[in-house]
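Working notes, structure below.
The values are calculated or read from the model by the stated rules, or taken from the named source; none is laboratory data. Computed from a prediction, not measured in an experiment: that's the story for all the values here. All Cβ positions, glycine included, derive from the backbone under ideal geometry; neighbour counts span all protein chains shown.
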Amino acid sequence: MTKKAHTMKRGIALLVGCLVGIPAVTQAAQERKSPLADAPAIRKRFELRDKRVELGVGMSATIGQDFYNALMINLRAGFHFTDWLGLSVSAGVFNITPNWRSSFNDQLNNALGTSCRDPNNATLPVCTGNTAKTSIATDKTPTQANAAAAENRIGQVLLGHLDLIPFTGKFSLFGKLFMNYDVYVLAGAGAVNLVSKGAVNNTYCDTPAGTCRDDLAKPYTGMKLAWDAGVGMHAFANNYFAINIELHDLIFKNNAAGRDVTGSPEVTSADLLWTNNWMVGLNFMFFLPAHVRVSH
């Protein structure tokens, strides 16, 4: 046998071996199961919320109220059934800024400062003479005191909601500080206590006739049912302490000015409107137990 024929024979044998062996190798590869096939996406994961209670305190503040904003001491508590589902309650228990006027209220108060219906302005040029608007019939704008007394503000807030945590992860600051975080959405209901500034004096006496009549205004106050929706975030400094930030939208019926808006003789429930009331919160939270479960 020549060298050329011998080389050809070896090539044919190698080709036949490959054709026979490749299917067997392919079948074996298909039958072989990866050791990571049933493994979790993240191993040794810290379950920072699962079966844990969170308790904390902080501050909450309303944003964009019609007349008065509120800065409140806030309490928050919750329990997490799993790492992604929890139930929590929060309470704004004390408004430490009852006289925090909104920018709109400042503008309104300044505009009402020259009302001819205010006895203190009786000597102003615009308030004297036969054409002066000194009666309810000729000038329906309230005085500063009357307007302020009819306005309401948020005094306390009590909310309960379900927390759904779809996003968790870890971030770093300047490559030095590493923190775990979660982002959650919340929905629920609660009560908002609306309070007023003072008693409303609805009686106004026309001049110079001296006849008195009523200028009806009535502050809308008391505990009111509110629906709550919002988003929040925990940033964990360690396994048991976190900084919590929340944004709430409180939806309830209100008449913040306490005045008639429908043209009826008096202020009634028909003057109520659905309103969106935004509130932000910053809380310092402690998670218990301090021991954290670690996934496999």
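Pull up region 201-219, narrow it to residues that are touching a strand residue (DSSP E or B) at 6+ places or on another chain (Cβ under 6 Å) and either closer than 21 Å to residue 66 by Cβ or among the charged types (D, E, K, R) (or both), then point me to the one that is modelled with the highest pLDDT. Top of the filtered list is 219. Screening region 249-265 for residues that are surrounded by 12 or more Cβ atoms within 10 Å (Cβ to Cβ) and over 19 Å from residue 198 (Cα atoms) and picking the one that is nearest to the chain's Cα centre (by Cα) gives 249. Is it the case that some residue within region 246-257 is within 29 Å of residue 77 (Cβ to Cβ), modelled with pLDDT of 90 or more and in contact with a helix residue (DSSP H, G or I) (Cβ under 9 Å, 6 or more places away or on another chain)? Looking for residues that are within 29 Å of residue 77 (Cβ to Cβ), modelled with pLDDT of 90 or more and in contact with a helix residue (DSSP H, G or I) (Cβ under 9 Å, 6 or more places away or on another chain), one finds at least one in region 246-257, hence yes.
Scanning region 231-254 for residues that are without any contact (Cβ under 8 Å) to a residue 40 or more places away in the chain and within 28 Å of residue 68 (Cβ to Cβ) yields 245, 247, 249, 251, 253.
From the list 188, 232, 222, which one is of a type outside the set (Phe, Trp, Tyr), surrounded by 14 or more Cβ atoms within 10 Å (Cβ to Cβ), within 25 Å of residue 100 (Cβ to Cβ) and modelled with pLDDT of 90 or more? Testing whether each residue is of a type outside the set (Phe, Trp, Tyr), surrounded by 14 or more Cβ atoms within 10 Å (Cβ to Cβ), within 25 Å of residue 100 (Cβ to Cβ) and modelled with pLDDT of 90 or more leaves just 232.
Of all residue pairs spaced 6 or more apart or on separate chains, those with beta-carbon atoms under 8 Å, a first member in region 264-281 that is of a type in the set (A, V, I, L, M) and a second member that is loosely packed, with under 14 Cβ neighbours inside 10 Å and not in a helix (DSSP H, G or I) are 270/262; 270/264; 273/261; 279/63; 280/63. Taken together, 160, 155, 169, 188 contain a single residue that is in a strand (DSSP E or B) and over 26 Å from residue 91 (Cα atoms), which is 169. Note on region 62-107: residues that are in a strand (DSSP E or B) and surrounded by fewer than 19 Cβ atoms within 10 Å (Cβ to Cβ) amount to 12.
When the criteria are applied in full, residue 257 meets the requirement of being touching a residue at least 40 places away in the same chain (Cβ under 8 Å) and either assigned to a loop (DSSP other than H, G, I, E, B) or acidic (Asp, Glu) (or both).
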